[in-house]
Amino acid sequence: MSTRVEQLLRKRFTFHCENAEVYGSEFAALWRSTADHALGGKLVRPRLLLDIHRALVSDAAPEPSIAAVDVATHIELLHYAFLLHDDVIDGDLTRRKRPNLIGELAATAPGATEEDSLHWARSSAILMGDLLLSAAIMGFARADVPQSVRVRLLDLVEQTILETVAGEHTDVALSHGIIASDVATVLTMSVYKTATYSFSLPLRAAALLAGSSESAEETLNTVGRHLGLAYQLQDDLLCVFGDHRKHGKDAFSDLREGKETAIIAFARSTSAWAQIAPRFGCPDLSLDDAAAIRDLLQECGAERFVVSLIGEQLDAVYTLLSEAEAAGEISSDAARSILVSASQLEGRQA
């Protein structure tokens, strides 16, 4: 199934790369670089949609429908559009264990100062993110589905984009102290920023495309929020306590950027915060200072607290799926497929 998504993604990028030629070599090169960075990902969201869709369809066919593959592909485009904007906001220059699009463009800009190269690269990422966002929405609108399904799908995508942007907006406000940080606010932000588009969207889209009931769709929406929050919390743990050689991001980037994660929100309520605060959010934070903060976060119980939160989210998923299966809302195959995704979150390293 993922092969069909990869093939369609390559076809979409080939189309856009060829169309870009008329607008100049620099613009065409930008599309080619974007394709190189967007392709080769884990396809978490398309895989989730297609796995659940296959399990939900009563006359389960060996291959997913063209519409399901199409929608799954454009969810991946939406994902990469968000990643581009996120990298600009966070100032990140690496992703997937190598320079991201911004890092590559900045390093290869000919005859420019470092400041000009970065501005060029970040501006290019913003503009490309806008283009991919537009391409994703048009892909949803053109999906070969009944009109009633198309309307519901577009409503879902519109709400998804709104919530994701709202979550990102809150994330930046938290990082700059514009909004006071506490665990509840950070968790709500994480649900909007990550869970809505990474898990609830593919699960709900799968239900829509399979013709499932509205109650089943709502259950999958809630399951997706819990799964997505667990995923984001695990991501936060990896950035501070994980091995950057495995997860591929800048080591301790969250600490340098002053990101208000659940880890930090908890630490703020402990006596360790007085030692953490002076160095937290320093752009030139050294590896030694970052390691010292990491050790303090472990000692004050922040790591243990977030691990327990992840467990709570996964327990909620197991309960919801058990109840939905017992009520006949979703099939045992669909529940089992989601449980496989949930089990993969525990202890992931990348």
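The values are calculated or read from the model by the stated rules, or taken from the named source; none is laboratory data. If you're wondering where the values come from, they're calculated on a predicted model, not measured in any experiment. Glycine gets a Cβ as well: all are built from the backbone with ideal geometry, and neighbour counts include every protein chain shown.
Odds and ends about this structure:
- Residues in the stretch 111-143 that are β-branched (V, I, T) and modelled with pLDDT under 95: T113 alone.
- Scope the stretch 192-233; condition surrounded by fewer than 21 Cβ atoms within 10 Å (Cβ to Cβ) and either within 14 Å of the chain's Cα centre (by Cα) or part of a loop (DSSP other than H, G, I, E, B) (or both); matching residues: G211, S213
- Verdict on T196 being out of contact with any Lys or Arg (no Cβ under 6 Å at 6 or more places or on another chain) and without any contact (Cβ under 8 Å) to a residue 60 or more places away in the chain: yes
- Flag if A28 is among the small types (G, A, S) and either under 20 Å from A141 (Cα atoms) or outside the structural domain of P110 (by TED's automatic domain parsing) (or both): no
- Hits in the stretch 90-110 - residues which are modelled with pLDDT under 95, under 23 Å from S198 (Cβ atoms) and either of a type in the set (V, I, T) or outside the structural domain of H37 (by TED's automatic domain parsing) (or both): T94
- Identity of the residue in the stretch 173-182, touching a residue at least 40 places away in the same chain (Cβ under 8 Å) and buried (at least 17 other Cβ atoms within 10 Å of the Cβ), that ends up farthest from E257 (Cα to Cα): S181
- One residue from A55, A68, A38, A72 being within 22 Å of R98 (Cα to Cα), buried (at least 18 other Cβ atoms within 10 Å of the Cβ) and either touching a Cys at 6+ places or on another chain (Cβ under 6 Å) or touching a residue at least 24 places away in the same chain (Cβ under 8 Å) (or both): A38
- Residue list for the stretch 315-350, filter: closer than 30 Å to F252 by Cα, modelled with pLDDT under 95 and either out of contact with any Lys or Arg (no Cβ under 6 Å at 6 or more places or on another chain) or hydroxyl-bearing (S, T, Y) (or both): V340, S341, A342, S343, Q344, L345, E346, G347, R348
- Qualifying residue in the stretch 122-130 (condition: within 24 Å of E257 (Cα to Cα), of a type in the set (S, T, Y) and surrounded by fewer than 22 Cβ atoms within 10 Å (Cβ to Cβ)): yes
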